[in-house]
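One structure, pasted below without further comment.
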Amino acid sequence: MIVNYGVELLIDYRRRALQRRAAEAKLSSEEEEQLLRNLEKKETEYMRLQRHKLGIDDFELLTLIGKCAFGENVLVKLNYDEFDLF
């Protein structure tokens with residue numbers, strides 16, 4: 001898929017940029033490998049969060065805005081985001 005290809009290009013770009021910065025900082029091969037493992041772990045976590053479907057448990061209910069025949073309107077905050085209100 002085109003989306004996956006774009007993600008793969010971005011991951012490859014980040015990996016090469018990290019390797020370039022490690023070479024400029026003259027890090028040892030063990031330190032560079034540790035940096036690459038950390039990058040891979042962060043990328044994996046990011047992709048897992050992108051696939052996560054939001055549910056009611058992902059939000060903190062702040063206040064009831066109104067009720068109608070179809071349901072309730074509430075102000076909520078995403079549990080793992082400090083600033084976005086929905």
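Filter region 13-46 for residues that are free of Cβ contacts under 8 Å to residues at least 12 places away in the same chain and aliphatic (A, V, I, L, M); which is surrounded by the most Cβ atoms within 10 Å (Cβ to Cβ)?
The residue in question is Leu27.
Of the residues Leu49, Leu10, Leu54, which is in a helix (DSSP H, G or I), surrounded by fewer than 11 Cβ atoms within 10 Å (Cβ to Cβ) and at pLDDT below 80?
Going through Leu49, Leu10, Leu54 in turn, just one is in a helix (DSSP H, G or I), surrounded by fewer than 11 Cβ atoms within 10 Å (Cβ to Cβ) and at pLDDT below 80: Leu49.
The values are calculated or read from the model by the stated rules, or taken from the named source; none is laboratory data. Just so it is clear, the structure is predicted and the values come from calculations on it, not from any experiment. No Cβ is skipped: glycine too gets one built from the backbone with ideal geometry, and neighbour counts run over all protein chains shown.
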